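What follows is a single structure, and I will ask about it in a moment.
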Amino acid sequence: MKFTQAELAAFRGGTLPDLLGPDVRLLFVGINPGLRTVAVQAHFGRRGNRFYPALYRAGILDREIDASAGFDPDDRAHLEARGVGITSLVPGATARADELSRDELTAGAESLARRVPRIGPNAVAMLGITAYRIAFGRPKAVVGRQPEDVGGAQLWVVPNPSGLNAHATAAGLGEAYREVAVAAGIDVFAPPA
């Protein structure tokens, strides 16, 4: 699906529903949706985003998903069956996450803390250390398991899969996501060769 810049701009502030099945064990929390993601109504719907390839490398999924034209119903069902949920810290779409204010990120963390008990995951994985530090008021936090829980679930910070996070390799993303998946109780597949 192709969109002009003007068409994409029309999605600024738009939202998309969380991906939540009946048994979420691992809840991934993106910073906020991008314009294209809202346009196609699929989390991480920008072609080239490394989220789904990282889930495959981690052994969370047994195949790669391409959400650039929206979710294929079988792919959505596969994510739900694997116990994977996806939400956003801040619901409104922007062209880039760095357009968000400190107040928006902090409000997002407060909202997440209220939502997590209703969702009931074993683990929550925040995608991106910089946003986490600001949103949760933890300026010295490092990637990995955090000392506090959120809404009764283990709280983890994992590298953001955005291409703007160039120092995170595909292999590194897969390793970090695999660690949190195992902690969440997901039976992972052997990583691809």
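Are any of the residues in the range 112-134 open to solvent by 50 Å² or more (accessible area, probe 1.4 Å), charged (D, E, K, R) and touching a Pro at 6+ places or on another chain (Cβ under 7 Å)?
yes
Specify the residue that is surrounded by the most Cβ atoms within 10 Å (Cβ to Cβ); the eligible residues are those in the range 93-111 that are of a type in the set (A, V, I, L, M, F, W, C) and at pLDDT below 95.
Across the range 93-111, the extreme among qualifying residues is ALA97.
Rundown of residues vs (1) surrounded by 14 or more Cβ atoms within 10 Å (Cβ to Cβ); (2) in contact (Cβ under 8 Å) with a residue 24 or more places away in the chain; (3) over 14 Å from the mean Cα position of the chain (by Cα); (4) not in a helix (DSSP H, G or I), yes/no style:
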{"residue": "ARG138", "(1), (2), (3), (4)": "yes, no, yes, yes"}
{"residue": "VAL142", "(1), (2), (3), (4)": "no, no, yes, yes"}
{"residue": "TRP156", "(1), (2), (3), (4)": "yes, yes, no, yes"}
{"residue": "PRO161", "(1), (2), (3), (4)": "yes, yes, no, yes"}
{"residue": "HIS167", "(1), (2), (3), (4)": "no, no, yes, yes"}
{"residue": "ALA171", "(1), (2), (3), (4)": "no, yes, yes, no"}
{"residue": "GLY174", "(1), (2), (3), (4)": "yes, yes, no, no"}
{"residue": "TYR177", "(1), (2), (3), (4)": "yes, yes, no, no"}
{"residue": "GLY185", "(1), (2), (3), (4)": "no, yes, yes, yes"}
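Here is a follow-up. Return the residue satisfying two criteria in turn: it lies in the range 19-74 and is of a type in the set (S, T, N, Q) and either in a strand (DSSP E or B) or buried (at least 19 other Cβ atoms within 10 Å of the Cβ) (or both), and of such residues it is farthest from the chain's Cα centre (by Cα).
SER68
What about PRO161, is it of a type outside the set (A, V, I, L, M, F, W, C) and within 23 Å of ASN49 (Cβ to Cβ)?
When the stated conditions are applied, PRO161 passes them.
Sort out which residues of the range 91-104 are in contact (Cβ under 8 Å) with a residue 40 or more places away in the chain and either of a type in the set (Gly, Ala, Ser) or within 21 Å of VAL180 (Cβ to Cβ) (or both), and write them in order of number.
GLY92, ALA93, ALA95, ALA97
Right, next: Just one of ALA113, ALA131, ALA95, ALA109 is in contact with a Phe, Trp or Tyr (Cβ under 6 Å, 6 or more places away or on another chain) and not charged (D, E, K, R); which is it?
The match here is ALA109.
The values are calculated or read from the model by the stated rules, or taken from the named source; none is laboratory data. The structure presented is a predicted model; accordingly, all values stated were derived computationally and were not measured. Every residue, glycine among them, receives a Cβ derived from its backbone with ideal geometry; neighbour counts consider all protein chains shown. Keep in mind that these areas ignore ligands, DNA and RNA; they rest on the heavy atoms of the full protein, side chains included. Shrake-Rupley method; radii C 1.70, N 1.55, O 1.52, S 1.80 Å.
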